[in-house]
Amino acid sequence: MSGNIVILTGAGISAESGIPTFRAADGLWEGHRVEDVATPEAYERQPEVVQKFYNERRRYLLNGIEANEGHRALARLEAEYPSEVLLVTQNIDNLHEKGGSQKVLHMHGELLKGRCLACGEECEVVGDLGPDSQCSLCEERGKIRPAIVWFGEMPDHMPQIEKALMEADLFLSVGTSGQVYPAAGFVEIARVAGAETIEVNLDETIGSSRFARTVRGKAGETLPGLVEELLNRP
Ligand code: NAD
Ligand code: ZN
C-alpha cells in the first residue's frame, strides 16, 4: 500500500531541538499565560509586550537551534515515498524546513514572518519587530505584527488540509497534545475517511484513544524507524 499520507506535527517534535513545549509542566508558554501574549486582544492592549515575547522566541530560534532526527525522518519520508505526503505543522519554528522538508503548511503561522496591517502583505522577519519597524513594501512604520495565528483566529490553509485529510490513507500525528482545535479534530476526519491512524508521542494524550496505533517515545528516537517501516511497506 502506498496511499496518501497527511502528517500533523506539534511542539513535541521540536522539543529535542531545545524549544520548550507549550503545556510542558505549568500550562504556561515560556512563563506567560497565552491570553497575555497569543491573542489579538493582547496585541491590541499591549502590542509591545506581545512583540517582545515573539522577538525573544525569534532570537532564541536563530541562535543555533537545529532540526533533529524527527524532522529529518519526515523529510526523508516526503522525499522517498511514492505517493503524496502533506506535512502540516502547528509549530511556528522553521525546523521542518531546516530538516529538509520541501512542502510544509504552517497552520499557526511562522515566527520568521511578519504581516503588515497597512498593506496586508507578509514579509520575512529575522530581527526584532517594534514600533519603528518599517514595511518594505508600503513603507508604513509600526504596522507589522508577527505572522502568527493567535487564539481566536482562523488557522491558515484549512480548506487544503481538510481536502487532504478526506483523501488520506494514513494520518500520522507527532508530538501534539491534541488540545488545540481544529488540529485536534484531524484524526477524526481522517478516520471517518477510512485512513489508518498513528500517534507518536512521549506520553498518552487526551486524543490517544482515537488512534488505531500509538507509538510511545521521543519523536527523534521513534520516527526514523517508523519512516523506514512505511517506506518498506509492500
Ligand atoms: P503542546 O505543547 O500542547 O504538546 C506537546 C506534546 O508533545 C505533548 O503531548 C507532549 O507529550 C509531546 N512531547 C514532548 N516531547 C516530545 C518528544 N520529544 N517526542 C514526542 N512527543 C513529545 O503542543 P501542541 O499540541 O503543538 O500545541 C501547542 C500550541 O503552541 C501550538 O498551537 C503551537 O503553535 C504553539 N507552540 C509552538 C512551538 C514551536 O513552534 N516549536 C512551541 C510551543 C508552542
Ligand atoms: Zn505594508
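For this structure, a couple of remarks:
- Yes/no for ALA118 being of a type in the set (A, V, I, L, M, F, W, C), in contact (Cβ under 8 Å) with a residue 40 or more places away in the chain, over 30 Å from GLY64 (Cα atoms) and assigned to a loop (DSSP other than H, G, I, E, B): no
- Residue pairs whose Cβ atoms lie under 8 Å apart, separated by 6 or more positions or on different chains, with the first residue in region 46-57 and among the aliphatic types (A, V, I, L, M) and the second part of a helix (DSSP H, G or I), are VAL49/ASP36; VAL49/VAL37; VAL49/ALA42; VAL50/VAL37; VAL50/ALA42; VAL50/TYR43.
- The single condition from (1) within 18 Å of ASN68 (Cβ to Cβ); (2) within 17 Å of the chain's Cα centre (by Cα) that GLU221 fails is (2).
- Total residues in region 121-150 satisfying the condition of being within 15 Å of ligand 2 (Cβ to nearest atom), part of a loop (DSSP other than H, G, I, E, B) and closer than 30 Å to TYR181 by Cα: the figure is 4.
- Residue within region 82-93 that is surrounded by fewer than 16 Cβ atoms within 10 Å (Cβ to Cβ) and of a type outside the set (S, T, N, Q) present: yes
- Of the residues making up region 151-162, those that are away from ligand 1 (no atom under 11 Å from the Cβ) and either within 14 Å of the chain's Cα centre (by Cα) or buried (at least 20 other Cβ atoms within 10 Å of the Cβ) (or both) are ASP156, HIS157, MET158, ILE161.
- Within region 209-232, residues that are farther than 18 Å from GLY12 by Cα and modelled with pLDDT of 95 or more reach partners that are within 15 Å of ligand 1 (Cβ to nearest atom) and assigned to a helix (DSSP H, G or I) with beta carbons closer than 8 Å, at six or more positions or on different chains, in the pairs ARG210/VAL187.
- Restricting attention to region 95-148, the residues being polar (S, T, N, Q) and within 16 Å of ligand 1 (Cβ to nearest atom) number 1.
A quick yes/no check of all residues on (1) surrounded by 14 or more Cβ atoms within 10 Å (Cβ to Cβ); (2) within 16 Å of ligand 2 (Cβ to nearest atom):
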position: LEU111; (1), (2): yes, no
position: GLY114; (1), (2): yes, yes
position: LEU117; (1), (2): no, yes
position: LEU165; (1), (2): yes, no
position: ALA168; (1), (2): yes, no
position: THR176; (1), (2): yes, no
position: ALA184; (1), (2): yes, no
position: GLU199; (1), (2): yes, no
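- For region 14-31, the condition holds for no residue, the condition being that it is surrounded by 16 or more Cβ atoms within 10 Å (Cβ to Cβ) and away from ligand 1 (no atom under 12 Å from the Cβ).
- Some residue of region 163-179 being among the hydroxyl-bearing types (Ser, Thr, Tyr), in a loop (DSSP other than H, G, I, E, B), within 11 Å of ligand 1 (Cβ to nearest atom) and closer than 18 Å to VAL104 by Cβ: yes
The values are calculated or read from the model by the stated rules, or taken from the named source; none is laboratory data. Here the structure is a predicted model, which is why all the values come from computation and not from measurement. Don't worry about glycine lacking a Cβ; one is built from the backbone with ideal geometry, like all the others, and counts go over all protein chains shown.
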